[in-house]
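One structure is given here, and the rest of the page talks about it.
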Number of protein chains: 2
Amino acid sequence: MSVAQSLRAISKRASPAQCLQAQKARSWQQHRALATHVPPVTQDNTSSQGPTAMVFMNMGGPSTTDEVHGFLSRLFADGDLIPLGPLQGYLGPFIAKRRTPKIQKQYADIGGGSPIRKWSEYQCEEMCKILDKIRPESAPHKPYVAFRYADPLTEEMYAKLLEDGFGKGKGGRAVAFTQYPQYSCSTTGSSLNELWKWRQRMESPRRNSNLTAAEAEGSINWSVIDRWPTHPGLVEAFAQNIEATLQTYPEDVRDSVVLLYSAHSLPMSVVNRGDPYPAEVAATVWAVQQRLGHKNPYRLVWQSQVGPSAWLGAQTSDTVANLVKKGQKDLVLIPIAFTSDHIETLFEIDQEVIHEANELGADGRVRRAESLNGNPIFIRGLADIAKSHLDSGEACSRQMGLRCPGCKSERCLEQKKFFLGQNERNNDAVAL
Amino acid sequence: MSVAQSLRAISKRASPAQCLQAQKARSWQQHRALATHVPPVTQDNTSSQGPTAMVFMNMGGPSTTDEVHGFLSRLFADGDLIPLGPLQGYLGPFIAKRRTPKIQKQYADIGGGSPIRKWSEYQCEEMCKILDKIRPESAPHKPYVAFRYADPLTEEMYAKLLEDGFGKGKGGRAVAFTQYPQYSCSTTGSSLNELWKWRQRMESPRRNSNLTAAEAEGSINWSVIDRWPTHPGLVEAFAQNIEATLQTYPEDVRDSVVLLYSAHSLPMSVVNRGDPYPAEVAATVWAVQQRLGHKNPYRLVWQSQVGPSAWLGAQTSDTVANLVKKGQKDLVLIPIAFTSDHIETLFEIDQEVIHEANELGADGRVRRAESLNGNPIFIRGLADIAKSHLDSGEACSRQMGLRCPGCKSERCLEQKKFFLGQNERNNDAVAL
């Protein structure tokens, strides 16, 4: 995701809308202090189903400008996201270092950092509160966040899990809940590879000789929520945000507004390998359109392409420009593959795309639907997804077990074997 | 579609399965003779809602080997399907002529011709019988077929409509019902452009100076069913065919069989222009997977790529080969974007892809789900789609009015204006 962020964020400044967003985020931080504190728990191997660790996985973003260099370093080191080949170890740090000052300035301009940590922690905490009510048998549900490129990193999250009494001989149940609704090897796949890597380092006797036999035996039982592109809660939250934006147009043009569902693009090399993401994003779009009764014309478009290689289109920016030039000025952009604001919404859409549209004469009629962020319908949806997953007793979906047909990654293979292998343990737990 | 047909069909012979298919088609022809004959009707401008012409649009295929040259000539002349630029008029006939002998042989090998005409006529007739019962107010519903590249061509269909008492001063209602469930400018778009062209030639006073004022005034009222990718009848028919194929696998492997939904690919130039087809095919696939309870892992893959330019992948043939090489031999191929058998199923999948899989050691475990053909659930679904359309009083969907963001075709623009303009006439008709 943030490859584009890195490149596109170089030359523009923050808008009043972005400053407002930052204010909102700050006031939300005050609100967060009111959230119920869930104390650490102690487990043993023979306990009932609870407590349950709910781990939200996402890419993350730098919360402060000081985190930008680390963020970019990890991003350009990730071959699942940006395959730079055998030179990754040299090229990655070089590119990251060169870009850091400009990206720092950019994050400063949008309020000092990405709001993704605040939103992720809020969403997870609120979801856990609901889960405690609707699924008391696995309560307490304890919220954790694991980011791929920013704090809290997967290793921090894992260390905290162990500190809080999970694993190390005590077993316990943890759910890796991707916050990418649609599965891509570049996103959820990369996060799962990272989780598997740290699990091996911290809890596998083959990788960690400090572990006692009992500790190795009583490692954490993991399961994975790997995709949820058409969950009714997600669809309803998107639909309501779109309807709210449509209400800002005069009634006589409202049904003619074109809806542009915009998702981060993928390189064609990844698409052609068989990555499931484009089809799952399309499934989300169709579900939202159905919920809206297909009242408005629409297109699924793809943003944030970068570099010289071929990416999946049509491009969001080109589409907006083409439509505005043809006289179709009333357009709503809907970020459809990310669940909170990030630099691709706050900067790329709000600043670049909409700014260009206005320069072409859109007169402020190209607008963006709000991101899901703290949307209560969305958060109730997350709780419902988690409940269904816990009820199912499955470690992961059958679909997750199928690598991309063109995949050659041994790490993906081992990761999938590991998570599929957890099925037996969880089913045993249910049987007990 | 048949570009690939042309190229791929060159070197292989028919299989026993294809001969069986041809036999089935012949026995179906006998059955067809039993279909109720719908007599020509006379209309006047002030009549009730019926009769209604139901026109199935599809690409078509040569019913006999004698039709192959004409079929290929039209195919390579269609700039909506195969954009050859300003040399289309020279290159098209040249390519068509050069390929004719080999393609004739290929059609001879699969039983003497494409079964698409037989199936289209059967599907349309059976649908009209159901419509007469479930929507008597617009009965009788009269079946017509209009193919883009083979008999019956659009102009034949249009002449027959006029002969049967529609238009020419008598008005009357006709529904252009695409038989491509998912909309592409290369398929449904091309058929609509052709229909618009012949409507202008035959019924527009600007294009046809032989028309009297009354004839021009009382032209046919057209409406369009332009897409139906997730209609429950379509989804159910696909799902049952898949379940039937899964039943042919031993119970212990049944849930591990990988489902490969295969659709005809598009050139990336068309995808990047904003063609809605890839997203709508993905919507169909997700709907079928949901109906099947996501029991089996799956991928959406793309077949029939041809030529040196970039096409959307992952490719069906590569995917099958990769999976079989990795040891995943149990695969079901599902043709997900065409509603009856054609050379891409009977030859490309059954002969090429499955043959290659067996050569790699698949041991007959790569199979194909049956095409929809005469499936009664599917045909009831078609009737339901038609009824909803007639009930709606809409000339076409709002979505159809939105050209691809990168479209530069004036013909597309005029065609869409024409069909959208029919809205007013149909709504008047309803008001009367």
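Quick notes
- Taking the DSSP beta bridges with both ends in region A:232-368, the antiparallel portion is around 5 percent.
- Sequence-separation-based contact order of region A:65-109, relative, with Cα cut under 8 Å and 6+ spacing, percent: 48
- Degrees, to the nearest 10: A:277-291 long Cα axis against longest axis of chain A: 70
- Residue-by-residue Karplus 3J(HN,Hα) for region A:77-88, coefficients 6.51, -1.76, 1.60, Hz, glycine and proline x: 8, 8, x, 5, 8, 10, x, 9, x, x, 8, 3
- Expressed per residue, the C-alpha convex hull volume of region B:106-151 stands at 70 Å³.
- Taking the square roots of 5 times each eigenvalue of the Cα gyration tensor of region A:65-109, largest first, gives ellipsoid semi-axes of 21, 9, 7 Å.
- With a 10 Å cut-off around each Cβ of B:261-272, the average count of Cβ atoms from other chains is 2.
- Ranked from shortest, the separations from the 7 Å Cα-to-Cβ label point of B:PRO83 to its equivalents in the other copies are 2.9 nm.
- Taken about its Cα centre, chain A carries a charge dipole of about 660 debye when Lys and Arg each add +1 at the Cβ and Asp and Glu each add -1 at the Cβ.
- Mean-square fluctuations from a GNM of chain B, with a 10 angstrom spring cutoff on Cα atoms, peak among B:ARG227, B:ARG99, B:ARG148 at B:ARG99.
- Estimated 222 nm signal from helices in chain B, with DSSP H stretches of n ≥ 4 weighted -39500 (n - 2.57), rounded to 500: -14500 deg cm²/dmol
- C-alpha center-to-center spacing [region B:229-260, region A:53-116] in angstrom: 43
- Nearest 10 degrees, 0 to 90: helix B:16-32 Cα axis against chain B principal axis: 30
- Restriction of the trypsin sites (Lys or Arg not before Pro) in region A:181-223 to DSSP coil positions whose beta-carbon has at most 15 other beta-carbons within 10 angstrom yields A:ARG206, A:ARG207.
- Exam field: A:GLU356 pseudo-label spacings to other copies (7 Å along Cα-Cβ), nanometres: 3.8
- Cα gyration tensor shape for region A:298-351, rounded if a/c is under 1.5, else prolate or oblate: oblate
- Summarising the rotation from chain B to chain A, the nearest chain B beta-carbon to the axis and its distance in Å are given as B:ALA282, 2.
- On the principal axes of its alpha-carbon atoms, region B:310-432 has extents of 65, 39, 21 Å, going from largest to smallest.
- Comparing A:GLU126, A:GLU217, A:GLU370 in a Gaussian network model of chain A, where Cα atoms under 10 Å apart are tied by springs, the biggest mean-square fluctuation is seen for A:GLU217.
- Region B:43-111: chymotrypsin sites (Phe, Trp or Tyr not before Pro) in DSSP coil with no more than 14 other Cβ atoms inside 10 Å: none
- Principal axis box of the protein assembly as shown, alpha-carbon based, largest edge first, Å: 89, 63, 50
- Three-way shape call for region B:232-368 based on the alpha-carbon gyration tensor, with the a/c threshold at 1.5: oblate
- From the alpha carbon centroid of region B:314-342 to that of region A:297-341 is 31 Å.
- Region B:77-202 - charge dipole about Cα centre, Lys and Arg +1 at Cβ, Asp and Glu -1, debye rounded to 20: 220
- Choice from B:LYS387, B:LYS417, B:LYS170 with maximal GNM fluctuation in chain B (Cα, 10 Å cutoff): B:LYS417
- At full extension, B:GLU155 and B:LYS417 could sit 92.2 nm farther apart than now, given 0.36 nm per residue minus the alpha carbon distance.
- Compared with the dominant Cα axis of chain A, that is its longest principal axis, helix A:188-203 is turned about 20°.
- Taking the Cα centre of region B:232-368 as reference, the dipole from Cβ charges on Lys and Arg (+1) and Asp and Glu (-1) amounts to some 340 debye.
- Listed pairs B:LYS118/B:LYS408; A:LYS160/A:LYS416; A:LYS170/B:LYS295 exceeding 31 Å between Cα atoms: B:LYS118/B:LYS408; A:LYS170/B:LYS295
- Gyration tensor verdict on chain B (Cα atoms; rounded if a/c is under 1.5, prolate if a/b is larger than b/c, oblate otherwise): prolate
- Label point 7 Å beyond Cα along the C-beta direction, distances from B:ALA108 to other copies (nm, shortest first): 7.9
No lab work stands behind these numbers, since they all come straight from the coordinates. Note that the coordinates shown come from a computational prediction; the quantities given were computed from them, not determined experimentally. Every residue, glycine as well, gets a Cβ built from its backbone with ideal geometry; the counts of neighbours run over all protein chains shown.
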